[in-house]
Every structure is written in structure tokens, then in C-alpha cells.
1. Restricting to Cα pairs below 8 Å that are 6+ residues apart, what does the relative contact order work out to for the chain? Please round to a whole percent.
2. Can you give the angle from 0 to 90° between the axis of helix 329-338 and the longest principal axis of the chain, with both taken from C-alpha atoms, to the nearest 10?
3. For LYS401, which lysines qualify as cross-link partners when the Cα separation must be under 25 Å and same-chain residues fewer than eight apart are set aside?
4. For THR286, what residues show an amide H to amide H distance below 5 Å, using hydrogens built from the backbone and excluding near sequence neighbours?
5. What order do you get for 34-40, 373-379, 146-152 when each peptide is scored by the mean count of other beta carbon atoms within 10 Å, highest first?
6. Just the number, please: percent antiparallel of the DSSP beta bridges in the chain, rounded to the nearest 5.
7. Which loop-located GluC sites (Glu not before Pro) does region 172-253 contain, where loop means any DSSP state but H, G, I, E or B and the Cβ has at most 12 other Cβ atoms within 10 Å?
8. Treating the angle as unsigned and between 0 and 90°, give the value, to the nearest 10°, between the Cα long axis of helix 153-169 and the longest Cα principal axis of the chain.
Amino acid sequence: MTALDAVVYGADELVAGPTADGSGLETYEDGAVAIVDGTVAAVGPTAEVTAEYPPENASHTVDASGQAVVPGFVDPHTHALFAGDRADEFAAKLRGKSYQDILAEGGGILRTVRAVRDADEETLLSNLLAHLDTMLAHGTTTVEVKSGYGLDTETELRMLRVIDSADDIHPVDVVPTFMGAHAVPEGWDTDDYTASVVDEQIPAVESQGIAEFCDVFCEEGVFSVAQSRRVLEAGIAAGLTPKVHAEELAHIGGTQLAADVGAASADHLLHATSEDIDALVEADVTPVLLPGTAFGLGATYADAAAFRDRGAPVAVATDFNPNCHSHSMGFALSLACVEMGLTPAEALVAGTKHAALALDRTDGLGTLREGAPGDAVVLAAPSHVHIPYQYGTNVVDTVLKDGSVVST
Ligand code: NIG
Ligand code: FE
């Protein structure tokens, strides 16, 4: 027995995904989508879809007249599990303090590490669930969440357990990434800490069996390219797909490393060169750009248009974390257009289909094509252009996850 979960019909504009040549969007005027057993069964003109799938037979129906329907957002880079906040550091940065100064004084990531080590599992879980609620209300239906505020085996495993529980409980799909190499904990030498990530944390993470990716902060003054490589190669041996925080604050070669180890993505890339872009394209590594972080740091934005012009599948993420406290893919997509040179259509693909590629999802996630997960966002606006256009406004009206209305 199959179940007709949902029919969304009468949309002014229904975006099924990028066109086959990637140059635009495949859209339907007066469009509809039918979702059967959690999966898109039909998409197209309302008359055709509803003839085969009558709305009156569906568990959920949405009359989307006057509205646009787009695939659910995929946010492929967050540090959404943490305790406390760092609002005072935001204010200090406005007074001229740098991110690195704050970290060197034991603030930044290290401060959040202390807060997370002190928090019990229940608190961490309720913090993460609250953030997922906000993300869902802003249209995010799949999110990657990294560990990396534990920096010891016990707390890293605790973070991954919480991420796994949140995935079980919450409608948003949560993709778990191990990031023991997020910073060097206080009192440690970087080489010694790298060895402990490789020799202790990764084997423990492997036997726990929750994490899917392994990420590293490959950055001047944090983990060198050689140290990052050790971590990522140990991760690969443990079945974890690599990801790299690369060329965020300085250019040290993290992009080339991502290409060498066959990473799923290289992220940040503010200082990537044209050779770096070529290396990523050649190695099929998805570039993930994080304009909200550049916004908060007052930094220069990554050059999204340069990646696009070389044919790279540019993805955009929020990087939601205590240093970049934005849950909103819509805001990230506004910045991607205004500050990084993407069109609204390219920005939407960056936050859906290409974001799914950054998570190695090739099952149609990030599209509303037949066979794709039934994750859709109905906007309180008539076209996808309103997502970046209405910056600072949540234009999301209704969210469907696997064919169920989960947010209105
Ligand atoms: O991607 N750069 C490293 N990690 C995060 C920031 C995490 C934090 O500051 O707590 C990022 O921006
Ligand atoms: Fe990050």
C-alpha cells in the first residue's frame, strides 16, 4: 500500500531544480508536486499532477496560489550544537578586535569548548533542538552539524550522540560530522593534539559509528596542511569522508589538500586562488561558501562568480555557530547575490542541489524531481527571487518534510 502524503498545487512558480545544463531553473507556472511515501512522485502543471494525484486523497494539501514552491533548503556547514553565546565577542569585534585575537586570549572556540564540556547531554540536546526549530521555520530541511566543541574524546563522542538523537527526534535531517580538529585545546602542543585526534578520538568515533564526515580547521595558527592531512587520512581509514575548512583567514594550501584527499567539500575559501578553483573542479570537490561568516567578521567575501565561471557547483551554507549566529539560509542567499555575484536562481541552487552535493547526497535531495525526497518550502511570495530580495525577512510560509507539513 502506498500513501499519498501530500499534494501542493496551484503555485505561481514551482521550482523543480536546476535545468539540465545548469544555466537556469526548471520551473512550472501554476505548478504542483505530489509526494507519495515521502518521495516526489510527480511534478508539473497542476492540471496534470492533480489528475493523477487528486488533492482530496492526500494526507496534506497545500493550495499555493499566489506563492512559489522551492525544494527544502540544505544547509551543508554548521556548528549548531553548542552552549552559551558569544554576543560580547560580536561587540568586541565591532570595536576592532580580530577573531584570532579573541581566540589567542582563550575566547572564541575555546570559550565555547568550556561551555560545552560543562553542559550535560540534556541541555545540549535541548539547545540543538531549539536551533533546529528555528532553521526549519526558515526552510531548512537538511542540515550538517559538526562536533568540535569538545576537543577531548569523551565530549566529542557526547556531541555526536546528541547530534544523532536530534536527528531521531526532529523532522530536520541532521548529518553528523566529527571535527575534533577544530581548535587546539588549552595547554596542548598542536602536534601532540593532532596525534591524539588520530590515535584516540578517531578510533573512538569509528567504533561509536555515528559520524559520516571528518572536518579539520586547516588554518594559519591552527592546524597546518601536514597536520590536517594526518587527521583526514586517519578519518578516511576509519570510513569518514573528508571535509576541509580552507583558506578562510589566510592562504595556506587547504584547498589543494581537499583536492588531494578527495574531500566532499572545501569550505570558506575566501583566499582561494584560481589554481585552487581549478584543483577543486578537477577533483570534483564541492566549494561551500559561507557569506554570513564574512559578513560577521567584516571580511572580504569569497568570489562565488569565479567558482561558477569555472563550472564549480557552488554551494552556500549559514555556518551557524556562536561566531555567526544566523540560522537563515535566506539571509546567506541574499549575501551570496549582493556580495558574491550569484543570481537569485544560482543562489537557490547553491542552497539546495549543490548543498546536497557537498554532503555527497545524490538521491535528488535539493530538487523536487520525481524520486527526490519530499522536502518542499512554500514561500509567502510569488517567486524564488523573493528569497534573496526580502533580506532580513523570513519569506517561508509552509515547510514539508518527507511529504508531511512540519512547519506553518
Ligand atoms: O567555520 N572557523 C572555524 N570554525 C567556525 C567558527 C566556530 C566558532 O568560532 O565557534 C567557522 O567559522
Ligand atoms: Fe565552520
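1. Averaging sequence separation for qualifying contacts and normalising by length gives 20 percent for the chain.
2. Taking the Cα atoms of the chain, the angle to 329-338 is about 80 degrees.
3. Hits, sequence-local ones excluded: LYS146, LYS353.
4. Close amide H contacts, sequence-distant or interchain: SER265, ALA266.
5. Averaged packing, sorted descending, gives the order 373-379, 146-152, 34-40.
6. 45 percent
7. Values: sites: GLU186, GLU200, GLU206, GLU212, GLU219, GLU220, GLU233, GLU247, GLU248; in loops: GLU186, GLU212, GLU219, GLU220, GLU247, GLU248.
Qualifying residues, ordered by number: GLU186.
8. Taking Cα atoms only, the helix is inclined about 10 degrees.
Quick note: the coordinates plus some simple rules give every number you see, no bench work behind them. Given the structure is predicted, the values throughout are model-derived calculations rather than measurements. No Cβ is skipped: glycine too gets one built from the backbone with ideal geometry, and neighbour counts run over all protein chains shown.
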